[in-house]
Amino acid sequence: MTMEQNVCAAEAIIFASGDGISTQKLKEVLDLDLKQLQFVLESLSEKYNTNESGIRFVKNTEQVFFTTDTAYADVIYKALSQKRNAPLSNAAMETLAIIAYNQPVSRSFIEQVRGVDSSSSVQTLLLRGLIEEAGRLDIPGKPISYRTTPVFLRSFSIEGLQQLPKIKSSTPVGEAYQLDLEESEDA
């Protein structure tokens, strides 16, 4: 195929995938080398990431996908006014923020930071695909740890965790928790 055909084929594959496709898979399917893949992705970015399109091309650390321009959220909502999932509760949003900024984290860490039981919030986030299990931590009891997913990145229209807003506190939440642990171990 010509490079123009590869761009069109990649566009079709990404559109048909719906939730996105890994760049590695795209590279394999189209039989491209790294330089050719970069050309294809840059071409799609130039085509869609302009004011002339209501569609945006997003490449995050794991995959590529199409999304809509946030400027058209209101009209999209009106056009697709189906029964939607209820928005996340404040508790779920707090839990999600703790996970996003400190991942991977255990449920006990989340509960220590929030000061309340967070099992319901964690379950809600798991069901919505915003977080996933990240394995077990190498601490006593080997608790399950959680991290955000590509669905999280897509839901918040960000390419990677480095685009999260900066925390204004001078002490990261995780450091404060670790200090508490260290003090209790010394006692």
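The values are calculated or read from the model by the stated rules, or taken from the named source; none is laboratory data. Quick caveat: nothing in here was measured; it's all calculated off a predicted structure. Backbone-built Cβ (ideal geometry, glycine too); neighbour counts: all protein chains shown. Areas reflect the complete protein model, heavy atoms only, side chains present, ligands, DNA and RNA absent. Shrake-Rupley method; radii C 1.70, N 1.55, O 1.52, S 1.80 Å.
What residue, among those in the range 72-104 that are among the hydrophobic types (A, V, I, L, M, F, W, C) and in contact (Cβ under 8 Å) with a residue 24 or more places away in the chain, is surrounded by the fewest Cβ atoms within 10 Å (Cβ to Cβ)?
Start the filter on the range 72-104 by keeping residues that are among the hydrophobic types (A, V, I, L, M, F, W, C), which leaves 73, 75-76, 79-80, 86, 88, 91-93, 96-100.
From what's left, in contact (Cβ under 8 Å) with a residue 24 or more places away in the chain: 88, 91-92, 96, 98-100.
Numbers: L88: 17, A91: 15, A92: 19, L96: 24, I98: 23, I99: 26, A100: 19.
Only one residue fits best here, namely A91.
Just one of the numbered conditions (1) assigned to a loop (DSSP other than H, G, I, E, B); (2) under 30 Å from I167 (Cβ atoms) is not true of T50; which one?
Every condition holds for T50 apart from (2).
If we scan the range 56-63, do we find a residue that is in a helix (DSSP H, G or I) and either over 30 Å from K142 (Cβ atoms) or open to solvent by less than 50 Å² (accessible area, probe 1.4 Å) (or both)?
no
Any residue in the range 43-57 that's under 12 Å from T67 (Cα atoms): show its pairings with residues that are among the aliphatic types (A, V, I, L, M) at Cβ separation under 6 Å, as long as the two are six or more apart or on different chains.
Hits for this filter: Y48/I55; F57/L44.
I'm trying to understand the selection: among the residues of the range 16-48, which are surrounded by 15 or more Cβ atoms within 10 Å (Cβ to Cβ) and either in contact with a Lys or Arg (Cβ under 8 Å, 6 or more places away or on another chain) or basic (K, R) (or both)?
Residues satisfying the conditions are G20, T23, K27, L37, L41, S45, Y48.
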